[in-house]
Amino acid sequence: MNDETVPGFAEVHAAQQARYPMTEPDRQPVHTVYVPADRFSASTVAEWGGQASSLAKAHLEAFAPGVHERVLAKLAREPIEDLRIDFEDGYGVRPYEEEDGHAGRAARAVADLHAAGTLPRRWGLRVKSFADGDPGRSVRTLGAFLTGVLDHAGELPAGFTVTFPKVLMEEYLGMFAGVLERLEARLGLPRLRFEMQVEAPQTLHFLRAELAGAFGGRLSAAHFGVFDYTAAIGLPPHEQRLDHPACDHARHVMQTAFAGTGVELSDGSLAAAPASDRAEDVHALWGRHARLVGHSLAHGFYQGWDMHPAHLVSRFATVHAFHLARYDSYRERVRAWEERRAAGEGVMDEPATIRTLAAALRRADAAL
């Protein structure tokens, strides 16, 4: 039987494949590190890695087998997988000329990192929100930054993206995509992609799969913003936390909207640092952060924000322990399925589960 038996099937099936490509994702970073633009320099990556390594060597105690060594090696090799130079909340509102200067200095620092081979494999900047009422500030900073990178590096290094925050109106997405398109034409750039931030209950109302294919396919990711979101729905300050049920709801809406589209999802951050460099304070911070990272992983969010060098230790330790704990059993179940034999322990795997197991193994291989 061919598709001509059902009138209109071919068109609908083609639309399904376009909307839900179900393609294998690229290697997704396990985190995004946000650094305020006025504090960013060519030494930022090395400084974060050095501080995190010092904390790990001084205070990281015995963990699951193989995790301790992996964390130290990761911090030495690639302490930051995804870097975002922040011109929004972490930076604040400043005179235009001052922000122009920081955009130029940030562009030179990126070029220096690129020349040294130490620019993270994903990187970019977060501009100010259109919801603030001054889109010109966002456009001006983005244009100045990109122009500076091209001037100093001679090219736009691979892995660039833009974070577009506080998307309270769906129309802002199309407007920002238009900004990117015009910058491409003016500067001779390849197609620019951006990630939206989900930071308000209003945003949940217009999240849907069609957004992935709109705007020339420029939408690459959706990042959850815990503090703006929990404030917007009226939670008390002490309940502004990633593992609050209200945040679980928002993340599940994001998952439902973008499932199968290829749009990556990222969780938010913990706005806390060790109270001191004493072991008990460092351990308290790591424990708190590790619980939140574990909560995100259990809910299918494999990326989150890190705001302090100490977070790198608890992030990598938790991620590595999460993947290692089940790696061998997952691999055995996939192998048993391929060999058409029982996996043992009374497990009866469905094809969808096998696909999930295989995806988990690929994600683990990329993260470990």
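The values are calculated or read from the model by the stated rules, or taken from the named source; none is laboratory data. Values in this document were obtained by computation on a predicted structure and should not be read as measured data. Glycine gets a Cβ as well: all are built from the backbone with ideal geometry, and neighbour counts include every protein chain shown. Just the protein is used for accessible areas: all its heavy atoms, side chains included, with ligands, DNA and RNA removed. Shrake-Rupley method; radii C 1.70, N 1.55, O 1.52, S 1.80 Å.
With the structure loaded, tell me whether Ala364 is under 27 Å from Leu60 (Cβ atoms), crowded, with 18+ Cβ neighbours inside 10 Å and modelled with pLDDT under 95 or whether it fails that test. Full working, then the answer.
On the way: under 27 Å from Leu60 (Cβ atoms): yes; crowded, with 18+ Cβ neighbours inside 10 Å: yes; modelled with pLDDT under 95: yes.
Taking the combined requirement at face value, the residue satisfies it.
Across region 74-94, what is the number of residues that are touching an Asp or Glu at 6+ places or on another chain (Cβ under 8 Å) and closer than 19 Å to Pro157 by Cα?
Within region 74-94, residues that are touching an Asp or Glu at 6+ places or on another chain (Cβ under 8 Å) and closer than 19 Å to Pro157 by Cα number 0.
Is there a residue being under 23 Å from Phe160 (Cα atoms) and aromatic (Phe, Trp, Tyr) anywhere in region 214-227? I'd like the intermediate steps shown before the answer.
Going through region 214-227, the residues under 23 Å from Phe160 (Cα atoms) turn out to be 214-225.
When the remaining residues are screened for being aromatic (Phe, Trp, Tyr), the result is 215, 224.
The answer is yes; a qualifying residue exists.
Suppose the filter is within 23 Å of Glu170 (Cβ to Cβ) and part of a helix (DSSP H, G or I); does Gly124 pass it? Walk me through how you get there before you give the answer.
Numbers: within 23 Å of Glu170 (Cβ to Cβ): yes; part of a helix (DSSP H, G or I): no.
It is false that Gly124 is within 23 Å of Glu170 (Cβ to Cβ) and part of a helix (DSSP H, G or I).
It is to be established whether one or more residues within region 306-327 are under 13 Å from Gly268 (Cα atoms), open to solvent by 30 Å² or more (accessible area, probe 1.4 Å) and in contact with a Lys or Arg (Cβ under 8 Å, 6 or more places away or on another chain).
Going residue by residue through region 306-327, those that are under 13 Å from Gly268 (Cα atoms) are 306-307, 311, 315.
Of the ones still in play, those that are also open to solvent by 30 Å² or more (accessible area, probe 1.4 Å) are 307.
Subsequent filtering for residues that are in contact with a Lys or Arg (Cβ under 8 Å, 6 or more places away or on another chain) retains none.
No, that holds for no residue.
Just the residues that are surrounded by fewer than 17 Cβ atoms within 10 Å (Cβ to Cβ) and either outside any helix (DSSP H, G or I) or charged (D, E, K, R) (or both), please, taken from region 246-255.
Of everything in region 246-255, just one residue is surrounded by fewer than 17 Cβ atoms within 10 Å (Cβ to Cβ) and either outside any helix (DSSP H, G or I) or charged (D, E, K, R) (or both), namely Asp248.
For region 272-286, enumerate the residues that are crowded, with 19+ Cβ neighbours inside 10 Å and of a type outside the set (Val, Ile, Thr). Spell out how you get there, then give the answer.
Narrowing region 272-286 to residues crowded, with 19+ Cβ neighbours inside 10 Å: 274, 282, 285-286.
Once the filter is applied, which keeps residues that are crowded, with 19+ Cβ neighbours inside 10 Å and of a type outside the set (Val, Ile, Thr), region 272-286 yields Pro274, Leu285, Trp286.
For the structure I just gave you, tell me whether Pro65 is at pLDDT 95 or above and not hydrophobic (A, V, I, L, M, F, W, C). Walk me through how you get there before you give the answer.
Values: at pLDDT 95 or above: no; not hydrophobic (A, V, I, L, M, F, W, C): yes.
In short, no.
For region 292-305, give me the residue count where each residue is open to solvent by less than 50 Å² (accessible area, probe 1.4 Å), among the small types (Gly, Ala, Ser) and not in a strand (DSSP E or B).
Result for region 292-305: 3.
When region 256-271 is examined, which residues are found to be free of Cβ contacts under 8 Å to residues at least 60 places away in the same chain and either in contact with an Asp or Glu (Cβ under 8 Å, 6 or more places away or on another chain) or surrounded by 15 or more Cβ atoms within 10 Å (Cβ to Cβ) (or both)?
Across region 256-271, the qualifying residues are Ala257, Phe258, Val263, Leu265, Asp267, Gly268, Leu270.
Any idea which residue in region 222-245 is surrounded by the most Cβ atoms within 10 Å (Cβ to Cβ), counting only those that are charged (D, E, K, R) and outside any loop (DSSP other than H, G, I, E, B)? Before you say what the answer is, go through the steps one by one.
Of region 222-245, the ones charged (D, E, K, R) are 228, 239, 241, 243.
In the following step, the residues that additionally are outside any loop (DSSP other than H, G, I, E, B) were identified as 228, 239.
Values: Asp228: 19, Glu239: 12.
Of everything passing the filter in region 222-245, Asp228 is surrounded by the most Cβ atoms within 10 Å (Cβ to Cβ).
Within region 42-87, how many residues turn out to be more than 19 Å from Trp123 (Cβ to Cβ) and among the basic types (Lys, Arg)?
2
Residue under question is His289, and the condition is that it be out of contact with any Gly (no Cβ under 9 Å at 6 or more places or on another chain), surrounded by 14 or more Cβ atoms within 10 Å (Cβ to Cβ) and either at pLDDT below 95 or over 25 Å from Phe160 (Cα atoms) (or both); does it hold? Write out each step before concluding.
Numbers: out of contact with any Gly (no Cβ under 9 Å at 6 or more places or on another chain): yes; surrounded by 14 or more Cβ atoms within 10 Å (Cβ to Cβ): yes; either at pLDDT below 95 or over 25 Å from Phe160 (Cα atoms) (or both): yes.
Yes; evaluated as a whole, the condition is true for this residue.
Restricting attention to region 199-221, does a residue exist that is among the aromatic types (Phe, Trp, Tyr), assigned to a strand (DSSP E or B) and open to solvent by less than 60 Å² (accessible area, probe 1.4 Å)?
Of all residues in region 199-221, those among the aromatic types (Phe, Trp, Tyr) come to 206, 215.
Retained after the next criterion (residues that are assigned to a strand (DSSP E or B)): none.
Looking for residues that are among the aromatic types (Phe, Trp, Tyr), assigned to a strand (DSSP E or B) and open to solvent by less than 60 Å² (accessible area, probe 1.4 Å), one finds none in region 199-221, hence no.
Can you list residue pairs whose Cβ atoms sit under 8 Å apart, with the first residue in region 200-211 being of a type in the set (D, E, K, R) and the second being open to solvent by 20 Å² or more (accessible area, probe 1.4 Å)? Count only pairs 6 or more apart in sequence or on different chains.
Hits for this filter: Glu210/Arg19.
Among the residues of region 123-158, write down those that are surrounded by 21 or more Cβ atoms within 10 Å (Cβ to Cβ) and not β-branched (Val, Ile, Thr). Step through it out loud before you land on a result.
Applying the first criterion (surrounded by 21 or more Cβ atoms within 10 Å (Cβ to Cβ)) to region 123-158 yields 123-130, 138, 141-142, 145-146, 149.
Result: Trp123, Gly124, Leu125, Arg126, Lys128, Ser129, Phe130, Ser138, Leu142, Phe145, Leu146.
Of the residues that sit in region 164-175 and are open to solvent by less than 10 Å² (accessible area, probe 1.4 Å) and in contact with a Ser or Thr (Cβ under 8 Å, 6 or more places away or on another chain), which one is farthest from Asp248 (Cα to Cα)?
Taking region 164-175 as the starting set, the residues that turn out to be open to solvent by less than 10 Å² (accessible area, probe 1.4 Å) are 164-165, 167, 173.
Next cut, in contact with a Ser or Thr (Cβ under 8 Å, 6 or more places away or on another chain) only: 164-165, 167.
Working: Phe164: 22, Pro165: 20, Val167: 19 Å.
So the residue we want is Phe164.
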